[in-house]
Structures are given as structure tokens and as C-alpha cells.
1. Could you list log10 I(q)/I(0) for segment 6-85 at q = 0.16, 0.21, 0.26, 0.27 Å⁻¹, which the Debye formula gives when each Cα is one point scatterer?
2. Mind pulling the per residue volume of the convex hull built on the Cα atoms of segment 270-334? Å³ is fine.
3. Which value does Rg/Rh take for segment 294-408 over its C-alpha atoms, Rh per Kirkwood?
4. With contacts defined as alpha carbon pairs under 8 Å and 6 or more residues apart, what's the relative contact order of the chain in percent?
5. Given 10 Å bins starting at zero, what is the percent of C-alpha pairs of segment 1-137 in each, up to the one with the largest pair distance?
6. Test of understanding: in a Gaussian network model of the chain with alpha carbons linked when under 10 Å, which of N326, N164, N308 would top the mean-square fluctuation ranking?
7. Relative to the Cα centre, what is the charge dipole magnitude of the chain, using +1 at the beta carbon of each Lys and Arg, -1 at the beta carbon of each Asp and Glu, and rounding to the nearest 20 debye?
8. Say each of N164 and I51 gets a label point 7 Å from the Cα, pointing the same way as Cα to Cβ; how far apart are those two points in nm?
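Values quoted throughout were computed directly from the atomic coordinates according to the rules given, and no laboratory measurement underlies them. These figures come from a predicted structure and were not determined experimentally. Cβ sites come from the backbone with ideal geometry, for glycine too, and all protein chains shown count toward neighbours.
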Amino acid sequence: MRRMPSAIISDLPMRLLILDTIHGGGVIASALREQGLSVDCVDVYRGSDGISIETAQNTRYSCCIAPVHLDPAHPLLHAGIPVISHHLAAGMLIGDNPPEPFIEITGERGKTTTAFALAHLMPERGVLHSSSGTIRYPEMEMISRSSITPASLLAPAAEARAMNGWFIGECSLGVSGRGDLGILTSDTDYRIANGKSSALAAKLEHLKTCKQLLLPDGIRGIDHPDQHRVGAIASCDDTTVTYEYKQISGSFTNPLLSLKGYQEPLTCAAAAACLLGTDPAPLARFNALPGRMRIWEENGCIFVDASNSGTNRETTREAAAYARRNHPGSPLHLVIGQDEHAVCENFADADIRMAIEEIEPDKLTIVQRNQDYDFGSRYPESDAKRSLDEAIRDAARKPGSIILLAVKTWR
């Protein structure tokens with residue numbers, strides 16, 4: 001089935017308009033120009049790159065390519081031309097001969113851990129692209145680091161195709177739709193596009209064109225001929241996952257399953273492996289990832305690292321409970337917020353404030369891109385940093401204390 005909108009290919013010679021240059025739009029523009037197409041870009045968020053809105057309004061285009069998080073009231077979305085998403089454009093650029101198998105992963109939380117867990121099970125050669133970077137398997141060689149915008153799928157997909165390997169691609173707010181298997185890791189919803197659109201609806205819309213879907217148990221009413229729920233294939237009880245699908249059945253135990261931040265992704269990865277015809281038993285040997293409850297000690301001070309692209313109120317609260325359970329009586333220094341680097345799926349100020357109130361840390365460091373918010377009014381010794389790296393560098397390593405890192409950031 002060709003998933004290329006006829007409106008894009010019927011009006012030659014084509015001239016395309018791309019909105020948003022900072023979330024992968026520039027990469028998409030370059031790829032389209034390499035195919036001989038005429039492309040203009042409008043930097044809708046900063047206004048510093050490309051052409052102006054006024055110039056675009058007075059130019060005739062065949063199609064507009066826009067991010068799903070753009071305010072739907074933006075005037076260039078109502079210029080009388082077809083509009084497609086960055087996700088769909090990425091899928092078109094990946095083309096009709098994608099890597100095989102191609103597994104696409106999206107969701108509000110658990111994306112990266114699910115991706116790494118599934119890569120842990122994949123045979124032979126392939127490429128994993130996640131918020132932690134692009135890694136070539138089985139060498140575990142870091143190829144590059146980039147965001148998880150749709151455009152960031154293009155280079156890793158080409159790398160995987162060149163080696164005739166598998167490709168696992170993590171993507172924010174949706175998928176390219178070219179996947180053999182599309183995975184939604186969470187049914188949590190929130191508002192995007194200036195509060196006017198549903199993030200969950202955007203993800204589900206793009207998943208529909210994948211050949212097969214794996215969805216959370218709470219998702220219903222999806223029109224797709226080959227969809228599966230995680231709970232119908234795999235379930236977790238305490239630290240053991242049990243699974244059964246067609247000829248594959250069994251169980252594995254991993255102490256990480258005591259943490260919800262690993263329980264859901266490892267169960268999801270087990271179900272996905274079954275759909276791909278692979279026994280997930282080796283997940284018993286899966287280890288904690290950096291930024292996902294990794295623990296280490298410096299000069300008698302315990303670091304608990306829960307900072308990643310999926311950090312939110314729930315994961316922060318769980319990390320604090322885990323730290324206190326394993327180190328009772330130790331004073332807790334909470335480092336919380338959102339890193340200065342762009343993160344599409346926001347850690348809302350209200351959620352940060354509520355997490356602080358629920359955890360009641362002994363010391364507080366706020367990481368934020370500006371200094372306008374008074375999160376630390378109840379903590380006389382609180383301070384503010386502009387990045388996670390700065391917060392880690394400046395944190396006092398007091399023997400017997402806990403430093404909990406809960407900053408939403410790309411890792």
C-alpha cells in the first residue's frame with residue numbers, strides 16, 4: 001500500500017512550504033531539496049530562519065508540511081493548500097523500501113526503555129534510534145546523537161537499510177507510519193498545539209498506517225486490522241513477566257520490574273518481541289539505563305538518576321519513594337525541572353510544583369530555562385540552575401545524603 005498523498009505528487013513542478021525549522025523541519029527541507037524539489041521554510045517559533053509569514057502567504061505552494069504541535073489557528077495552515085505533518089513527510093522520505101523489520105515507538109512515557117529492551121532481544125545487525133542517541137548493533141557503537149523528532153528517523157533508517165538490518169525508531173508525538181510494528185507505550189494524554197489538540201489522538205492517527213499495532217490495554221476503538229493489546233500477550237506480577245503468544249510462552253524475572261518505570265516498558269517489550277516471533281526471556285538480564293533509575297555513589301553520597309525525556313510527576317515520585325525505601329533516614333536533595341534543551345513533551349510547571357509538595361525534599365534545586373518561577377519559596381536553601389549538567393556539577397556531595405535527579409531532558 002502506497003502511503004503517499006496524491007495531492008503531493010499531482011501538481012508538478014512542486015513547491016513545498018515547511019513550517020518550523022527547529023524541530024526537524026530543516027532536515028526534512030534538505031532531504032526534499034536533494035530530491036529536486038523547491039522548498040521554502042518558515043521559522044514559526046523564532047522567526048529567525050527562512051522566509052517571513054507574509055512572503056509565504058503571497059507564494060503559491062503545492063503542499064504545506066507542519067508539526068503536529070503547531071497552533072491549528074496559525075494562518076499558514078489555512079492558506080488553501082493541503083497540509084501534512086512532519087511525521088507523514090518523514091514516512092514519505094523513508095520511502096516504500098524501509099528497513100526490515102521496522103519498529104516504531106511513541107508514547108508519553110516508557111519509549112526509550114521499551115526501545116532499548118526490544119533492541120536487547122533483536123538478532124544480528126540493526127540500528128536503534130532513541131532519545132539516548134543512535135546506536136549500531138551488535139557493536140553497541142554510538143553513531144550520532146539527535147532528538148526524536150520525525151526528521152531524526154531519516155538518517156538512522158538509511159543506515160539500517162544500508163546494512164540490511166532491523167531498525168527501532170523512537171519518535172515524539174507520533175510515528176512515520178512506515179513501521180512493520182507500531183508501538184504506543186502509554187495511553188496518557190495531554191494537550192499540545194497551544195492547548196487545542198490531543199497528543200494521544202495525534203499519536204494514534206500516525207500509528208494507523210503501520211502494518212501491525214501494539215497498544216496499551218486502555219486504548220479502544222481503533223480502526224486497524226491487526227492490533228494487539230499488551231495485556232493480552234504479557235503481564236507482570238511483582239518481578240516476573242509471563243507471556244504467551246502463538247508458539248511462544250514463558251516467563252522471566254528481573255529485579256527492575258519492582259519499579260513501574262521498568263515494569264511497563266519491559267512488559268511492553270516482551271509483548272512486542274512475541275509479535276516479532278522472538279522469545280523475550282533474555283530480558284531477565286536487562287540492566288538499568290542511564291537516567292532511568294541508575295544509582296551510583298560519590299564520596300558517600302547516593303545519586304539516583306531519573307532524568308530523561310519521559311520524566312514527569314509520577315516517575316519523580318516513584319524515584320523518591322525508591323530512594324527513601326533503600327536508604328531510610330537519609331536527607332534527600334531533589335533536583336527537578338526541565339533542562340534548557342528543547343523537549344517536545346513538556347514537564348508542566350503545575351506538575352513540578354505538585355511533585356515537590358508530595359516529596360517534601362530536605363533540599364531543592366530547580367532546573368529551568370528561565371528564572372521567573374518561585375518553586376522554592378518553602379525551601380530557604382533552594383537554588384536554581386539552567387541545566388541538568390550545571391545542577392550535577394554544583395550539587396554538594398554530603399556523605400549519607402541522597403541526590404535525586406528528576407529533570408526532563410534529552411539523554
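1. Result of the Debye calculation: -0.52, -0.94, -1.47, -1.58.
2. Details: hull volume 7.9 nm³, N = 65.
Measuring per residue, one finds 122 Å³ for the Cα hull of segment 270-334.
3. On the way: Rg = 12.8 Å, Rh = 13.8 Å.
We get a ratio of 0.92 for segment 294-408.
4. On the way: 871 pairs, mean separation 50.7, N = 411.
Relative contact order comes out at 12 percent.
5. Going out from 0 Å in 10 Å bins, segment 1-137 shows 10, 36, 30, 19, 5, 0 percent.
6. Largest GNM mean-square fluctuation: N326.
7. Numbers: 40 positive and 50 negative charges, 70 e Å.
Charge dipole of the chain: 340 debye, to the nearest 20.
8. Rounded to a tenth, the inter-label distance reads 4.5 nm.
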